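**Q** Below are the structure tokens for one structure; questions will follow.
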């Protein structure tokens, strides 16, 4: 950040009175520009036969690696609404009965990733601008070396564990 | 937002190619300025005798109403680290054994509130710049009419329910 987004004057970095961290502040209009982590919200879509849906990324980063449908939560929506919207956008699936299964912080990237287990109402799904392939995988056939992101890998492993363990929400972080 | 925070030129509002929502974009340097929900992270501190800790707010909004320690998650930290930091800043309590108990979206405010149950290691706590009173409350003695925020009220009620029900994470939203 170089300029105040409110008045256009150059910003400086200093700790405002009563605060404990340096911020971008505008000494012309007194605006303080906070920066905070963003939420990635997504789903583990489960087909009626128990297979799970994965998407092969059509965009960088990690193009052509497999992922769960997920993306940045938007202003004006809930975490669930964002997760279902991303699922539709990336796989044309209308997820139902969302249940939170993982919350993973990525402090090095200023992100928090949240995933919901959702039921697929049927076997309908399709490729989209963001996914050049979409397919269903048996739980013992997940393409682990080709999974795009560690939060997706960790969420999938947690989902596998939940097949034989009492339900709990994974609350974890990945440092680097 | 009026000006590009990168180059200082006026921004315009339009939907970038491949996007589905209007954004603040700079037609001078091509920067796209996304705005996303922020996370409020906090705790339900539980004393060794089962009472819970509440803080009376020393700042607006809702000054002099009672709340759970919580605040904006910062870049570079995890949701748990943020919750423990806010608990220390607002009540001088070092929470232990954090367990996620609620995730509540506030789409009208572009926020997600997350609360962790934490154990207090002892009966030590204190007032701070943000809390003009800090006290322990029996579960049947919570000052409901004086609770500052609905996410705090809902989280406290969920914590009460968990005393007699199997554990689960409340995943909810408040629309307006």
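**Q** In segment A:85-132, how many are surrounded by 22 or more Cβ atoms within 10 Å (Cβ to Cβ), within 11 Å of chain B (Cβ to nearest Cβ) and more than 29 Å from residue B:74 (Cα to Cα)?
**A** Residues in segment A:85-132 being surrounded by 22 or more Cβ atoms within 10 Å (Cβ to Cβ), within 11 Å of chain B (Cβ to nearest Cβ) and more than 29 Å from residue B:74 (Cα to Cα): 0 in total.
**Q** Looking at this structure, is residue B:155 more than 13 Å from chain A (Cβ to nearest Cβ) and surrounded by 22 or more Cβ atoms within 10 Å (Cβ to Cβ)?
**A** Here the answer is yes, as residue B:155 does meet what is asked.
**Q** If we scan segment B:21-31, do we find a residue that is surrounded by 13 or more Cβ atoms within 10 Å (Cβ to Cβ), within 11 Å of chain A (Cβ to nearest Cβ) and under 24 Å from the mean Cα position of the chain (by Cα)?
**A** No, segment B:21-31 has no match at all.
**Q** Now for a different question. With respect to residue B:41, is the statement that it is touching a residue at least 12 places away in the same chain (Cβ under 8 Å) and either more than 14 Å from chain A (Cβ to nearest Cβ) or in contact with a helix residue (DSSP H, G or I) (Cβ under 8 Å, 6 or more places away or on another chain) (or both) true?
**A** Criteria met by residue B:41.
**Q** Pick out, from segment B:109-176, the strands (runs of 3 or more DSSP E) lying fully within it that include 2 or more residues that are touching a helix residue (DSSP H, G or I) at 6+ places or on another chain (Cβ under 6 Å).
**A** B:111-119, B:131-137
**Q** Say whether the condition of being on the phi > 0 side of the Ramachandran plot, at pLDDT 95 or above and under 13 Å from the mean Cα position of the chain (by Cα) is met by at least one residue in segment A:104-114.
**A** yes
**Q** Return yes or no: is residue A:136 touching a strand residue (DSSP E or B) at 6+ places or on another chain (Cβ under 6 Å) and at the interface with another protein chain (Cβ under 10 Å from one of its Cβ atoms)?
**A** no
**Q** Taking the stated definitions as given, is residue A:152 over 25 Å from residue A:61 (Cβ atoms) and at pLDDT 95 or above?
**A** Criteria not met by residue A:152.
**Q** Ok, one more. In segment A:53-63, which residue that is closer than 20 Å to residue A:138 by Cα and surrounded by fewer than 22 Cβ atoms within 10 Å (Cβ to Cβ) is nearest to the other protein chains (Cβ to nearest Cβ)?
**A** This residue is A:57.
**Q** Output yes when any residue across segment A:16-34 is more than 20 Å from residue B:3 (Cβ to Cβ) and touching a residue at least 40 places away in the same chain (Cβ under 8 Å), and no when none is.
**A** no
**Q** Related question: Under 6 Å between Cβ atoms, which residue pairs at least 6 apart in sequence (or on different chains) link something in segment B:64-84 that is facing another protein chain (nearest Cβ under 7 Å) with a partner that is assigned to a helix (DSSP H, G or I)?
**A** B:73/B:82
The values are calculated or read from the model by the stated rules, or taken from the named source; none is laboratory data. Keep in mind that what you see is a predicted model, and the values were worked out from it rather than measured. Neighbour counts run over all protein chains shown; Cβ positions are idealised from the backbone, glycine included.
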